[in-house]
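Down below is the structure, laid out as structure tokens.
The values are calculated or read from the model by the stated rules, or taken from the named source; none is laboratory data. This one's a predicted model, so the numbers in the text were calculated from it and none came from an experiment. Counting neighbours? That spans all protein chains shown, and the Cβs are built from the backbone with ideal geometry, glycine included.
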Amino acid sequence: MINSIVYIIVFSVSLIIGVFLNRFFLNRSNKFIVKKANKEAVRFASQSKPIFGGITFYSVFFVAMLSFMFISGFNNSVPKEYICLFITITMAFFMGLADDIISTPPIFKFIIQFAIAAIFIFSDIYIVISPYTILNYTITVLWVVGIMNSINMLDNMDSITNLTALGIIAGATVYSFLTNGVDLNFISFVTIASVGAMLSFLIYNWNPAKMYMGDSGSQFLGTLLAFIGILYLWNSVPIADYSYGYNTKQIIIVALAFVIPISDTTTVTINRLLKKKSPFVGGRDHTTHFLAYLGVHERWIAILYFSLTIGGNLIAYYLIGNKSEWNTNLFWLYTLIPFTIFILLYINTKITKPK
């Protein structure tokens with residue numbers, strides 16, 4: 001009961017701090033303004049709006065980490081996951097903030113992202129999908145770098161990235177409480193605080209947005225999602241030596257939970273490569289944009305993507321909790337869900353004309 005009250009307080013305080021910080025920055029934007037340095041960057045709406053969301057995310061995260069240390073006792077040994085998450089989130093945030101302020105070259109981002117993946121592995125936080133360590137490490141690096149860039153690319157329209165990340169993080173938090181109870185642990189502490197921060201940001205990021213999260217926010221969320229994805233999704237299925245059949249279950253679970261960022265990034269990458277363009281150059285050719293060209297309002301696109309994310313996570317956690325034997329028929333059955341979503345979004349980019 002006491003732990004439940006603590007978590008309610010953490011969520012409430014995070015929400016209040018988030019609202020206060022966002023209002024503070026907006027009301028004093030002339031003194032504390034942070035706007036995108038790269039004004040040529042392509043976004044569906046104006047690039048001139050302030051980008052305080054990432055600062056709010058990191059501020060709430062920092063307070064939550066300190067609060068957990070205070071509550072759990074500073075004399076206790078610090079879990080390696082705590083140190084890993086603090087270091088990597090801090091690196092991601094300041095890397096993104098640097099890009100927001102001075103527009104850093106892409107190679108700088110990749111170096112930091114690879115370093116974050118290396119710290120994950122060094123801290124024994126990596127994907128276990130085979131008995132071969134080098135393969136596990138390689139997939140972990142691809143996952144961390146891929147999801148950080150995917151979340152960054154998805155941040156192209158009001159509320160989309162915030163709501164998508166909110167659905168994934170909230171799903172992991174709820175599942176953790178349902179399966180492990182409400183014992184105090186730092187991962188649940190941080191995810192609850194992050195949910196509060198994202199909800200506070202949604203007030204100002206809902207279409208028409210008053211502010212954006214910037215690269216500091218998308219890189220923050222990308223790192224947190226990569227971390228959660230490994231602990232709660234990839235490694236939710238125990239892989240014994242040579243039990244390769246369950247690898248497909250891992251892949252489907254992740255594809256369901258991350259169906260939106262995976263579908264959008266895959267679509268954009270395919271279309272740009274077919275046009276002999278770099279996938280890493282911005283453009284108004286995302287799945288969100290083509291839905292808008294089709295006539296769907298930005299708010300409904302955000303609601304649609306949030307609903308698909310919630311639905312995908314519900315099915316993913318159902319599969320995690322279902323201990324019945326996994327087989328080829330089930331694999332193809334559940335593959336249909338993320339594949340259908342991807343195909344529908346992709347086809348729309350081919351039949352709808354940009355405006």
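Miscellaneous remarks
- Looking at S4, S14, just one residue is surrounded by 13 or more Cβ atoms within 10 Å (Cβ to Cβ), modelled with pLDDT of 85 or more and over 30 Å from D285 (Cα atoms), and that residue is S14.
- Matching entry among I147, I125, I116 (being touching a Cys at 6+ places or on another chain (Cβ under 8 Å), touching a residue at least 40 places away in the same chain (Cβ under 8 Å) and either farther than 21 Å from I169 by Cα or among the β-branched types (V, I, T) (or both)): I125
- Number of the exception - N327 against (1) within 28 Å of W206 (Cβ to Cβ); (2) surrounded by 12 or more Cβ atoms within 10 Å (Cβ to Cβ): (1)
- Test: S307 is modelled with pLDDT of 95 or more and either of a type in the set (A, V, I, L, M, F, W, C) or within 28 Å of V128 (Cα to Cα) (or both): no
- Some residue of the stretch 287-301 being surrounded by 15 or more Cβ atoms within 10 Å (Cβ to Cβ) and closer than 28 Å to L231 by Cα: no
- T340 meets each of the listed conditions (1) within 23 Å of the chain's Cα centre (by Cα); (2) closer than 27 Å to S176 by Cβ apart from (2).
- Qualifying residue in the stretch 98-109 (condition: of a type in the set (A, V, I, L, M) and in contact (Cβ under 8 Å) with a residue 40 or more places away in the chain): yes
- Of all residues in the stretch 175-188, those being small (G, A, S) and in a helix (DSSP H, G or I) number 2.
- Residue match in the stretch 270-293 (condition: touching a Leu at 6+ places or on another chain (Cβ under 9 Å) and hydrophobic (A, V, I, L, M, F, W, C)): yes
- Single condition L314 does not satisfy, out of (1) among the hydrophobic types (A, V, I, L, M, F, W, C); (2) within 21 Å of the chain's Cα centre (by Cα); (3) closer than 27 Å to T173 by Cβ; (4) crowded, with 18+ Cβ neighbours inside 10 Å: (4)
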